[in-house]
Amino acid sequence: MLVLFKLLGSLALLMFGMKSMSDALQKMAGPQLRHVLGAMTTNRFTGMLTGMFVTAAVQSSTATTLMTVSFVNAGLLTLLQAISVIMGAHIGTTVTAWIMSLGFSFNVSDYVYTMFFLGIILIYMKRHRIVGDFLFGVAFLFLGLGTLKATGSEAVTGEYADMVHGFFQQFNDANIWTSLLFLLMGTALTLCVQSSAAIMAITMTLCSTGVLHIDQGVMLVLGENIGTTITSNIVALSANVQARRAAFAHMSINVLGVLWVLILLKPFTRMVFGFVGFDSDMPYTDPTFAQKASMALAAFHSAFNMSNTLLLIWFVPYIERLVCWAIKPKKQDGEDEDFRLHFITSGIMKTPELSVLEAHKEIESFAERMQRMFGMVMELLDFSSSIGKQHGDKEAEQFNKRYSRIEKYEGISDNMEYEIAKYLDQVSDAHLSDETKAKIRAMLREISELESIGDACYNMARTISRKYNAKEDHFTENLYNHLHQMMGLTDQSLTQMNNLMTGRKEAFDVNRTFNIENEINNFRNQLKAQNIVDINNHEYTYAVGTIYMDLVNECEKLGDYVVNVVEARMGTRQKEV
């Protein structure tokens, strides 16, 4: 039991170190990686190089794949671009296997305590805290690897050596059923542990100690390549159809690779083993056996992923067709009448930088929905004016249907504010830079003001409904013209707001928004004064004038909310401009 817990503990230590190292690298390079992914995917080959570079930088193909799926979900990458990036990630992840093999070439435990010491110093120097986290991750990784290697050697040479050897000896016959068993075992273990690096370390330990034949270790490695693709597919279940297709492409690429390698397995492994100078019949008592066995597995992992990528890169358009055929869009993917977050999903939050990007895209969608809601209010006003003084049951039913749609959107705006705020609150629990904290504060203000825009639209719809149901009160033609002008200005301000949300801050002229707001304020004051004169001249009743000014005032309030959203996004105040 002690040996078993030492094996499990060292494995947990290794996984924790790998995750800490990867998270630290992602924090250091997060914003830059977003720009790299956006700029370097012009064709399939640059996309492949990008995926390879990013994965080598963050030491996690899962992180790169989830990042790519997230970008597809957010509409920043096309499916074609994503497939090439994922292919590159398969090459970049081979670096991890070589790091693992280093642990079997020398005693890494001699160096980890120096890294722990340097790491804790850097962590207390807050300016270099992320570098300290990275060193701690590397140290835990190598400490776990060293402990795993030592415990594995103890298990195969101690009092239970005969039992351990006897158990694995029955699987050393090279037949198709045993090979398939280890292929499935590698897939299942990777799926359970959610770390191909951890299973690679176990495979290297078993093979380097001579417990498991290298041929079965190769099958475990192939199974790991399939198992690691299932993570992104599980995460993408709650994403949109393009993200699900990108995740399925990830699995398809590795499954196709395993199929052709199984056909050419014997000559392929002989070629790879010959390249690193490993003989599969070498006795495990040889002093160099552990080093060469781990190198052989790392070399096989690299050769498989590089060969598979270089082969399938020419068939990217056909892979895209395959996944599009396999995953059809659901009907609700095109609907917008029900509350559903498009870009934020519970499983895709990996780093604060990536999470902020997801929230940013969701807020863009929120802003567009609010402008559509205001468009429905204008349609409701036009409908009420076209009916005139006579409206029957059919017209009333159509009016109520339009009003119910606006009411539904008001509920959507409340839910969107709550869900986005909750998501940003989860992100803010992580270690964040001052820049990211400022972005989150600005986003919280944006969603609050956008929800106020939804409230203003709903208030206007209720006012129009009150006027519609009071059949004796009707607007004059001049009042309708004035309302159309006021709503037109308000719609212009919403358009400017959405131009900012979907574009770049540097290219946005904020003075245009403030000028429209001034026009709205001046026009409101003009209409307010004219309204008093018209009521005194008995142009319409006081009740009509009150409803009319309620609509005008709500438009002016809505314009204020738009300015607040623009200020939050630009990081400025109107008086400063």
Counted residues, the stretch 263-281 - those being open to solvent by 40 Å² or more (accessible area, probe 1.4 Å) and of a type in the set (Val, Ile, Thr): 1
Give just the number: which of (1) closer than 20 Å to Thr203 by Cα; (2) open to solvent by 50 Å² or more (accessible area, probe 1.4 Å); (3) touching a residue at least 12 places away in the same chain (Cβ under 8 Å) does Trp260 not satisfy? (1)
Name the residue, out of Asn240, Asn233, Asn254, that is modelled with pLDDT of 85 or more and under 28 Å from Ile327 (Cβ atoms). Asn254
Residue check: is Glu519 within 19 Å of Gly454 (Cα to Cα), modelled with pLDDT of 90 or more and among the acidic types (Asp, Glu)? no
Considering every residue within the stretch 521-536, establish whether at least one is on the phi > 0 side of the Ramachandran plot and touching a residue at least 12 places away in the same chain (Cβ under 8 Å). no
Within the stretch 543-577, how many residues turn out to be part of a helix (DSSP H, G or I), open to solvent by 30 Å² or more (accessible area, probe 1.4 Å) and modelled with pLDDT under 90? 5
Quick one: which residue in Tyr480, Tyr468, Tyr458 is in a helix (DSSP H, G or I), in contact with a Ser or Thr (Cβ under 9 Å, 6 or more places away or on another chain) and open to solvent by less than 20 Å² (accessible area, probe 1.4 Å)? Tyr468
(1) modelled with pLDDT of 90 or more; (2) of a type outside the set (A, V, I, L, M, F, W, C); (3) surrounded by 15 or more Cβ atoms within 10 Å (Cβ to Cβ): which one isn't true of Arg372, the others all being true? (3)
Before we move on, is Ile230 among the β-branched types (Val, Ile, Thr) and either open to solvent by 50 Å² or more (accessible area, probe 1.4 Å) or closer than 30 Å to Val72 by Cα (or both)? yes
From the list Gly144, Gly103, which one is at pLDDT 70 or above, open to solvent by less than 50 Å² (accessible area, probe 1.4 Å) and among the small types (Gly, Ala, Ser)? Gly144
Residues (free of Cβ contacts under 8 Å to residues at least 24 places away in the same chain and over 32 Å from the mean Cα position of the chain (by Cα)) located in the stretch 441-477: Arg462, Asn469, Glu472, Glu477
If you scan the stretch 437-455, which residues turn out to be open to solvent by 10 Å² or more (accessible area, probe 1.4 Å) and of a type in the set (D, E, K, R)? Lys437, Lys439, Arg441, Arg445, Glu449, Glu451, Asp455
Can you tell me which residue within the stretch 395-424, out of those that are open to solvent by 50 Å² or more (accessible area, probe 1.4 Å) and without any contact (Cβ under 8 Å) to a residue 12 or more places away in the chain, is nearest to Tyr458 (Cα to Cα)? Ser404
So if I check each of Phe315, Phe304, which one is open to solvent by 50 Å² or more (accessible area, probe 1.4 Å) and either assigned to a helix (DSSP H, G or I) or among the charged types (D, E, K, R) (or both)? Phe315
For the stretch 282-295, enumerate the residues that are crowded, with 19+ Cβ neighbours inside 10 Å and without any contact (Cβ under 8 Å) to a residue 24 or more places away in the chain. Lys292
Here are some residues: Ile327, Ile313, Ile344. Which one is at pLDDT 60 or above, β-branched (Val, Ile, Thr) and more than 21 Å from the chain's Cα centre (by Cα)? Ile313
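The values are calculated or read from the model by the stated rules, or taken from the named source; none is laboratory data. Everything numeric here is computed off the predicted structure, so don't read it as measured data. Positions of Cβ are generated from backbone atoms using ideal geometry, with glycine treated the same way; all protein chains shown enter the neighbour counts. Heavy atoms of the whole protein, side chains included, go into the accessibility calculation; ligands, DNA and RNA do not. Shrake-Rupley method; radii C 1.70, N 1.55, O 1.52, S 1.80 Å.
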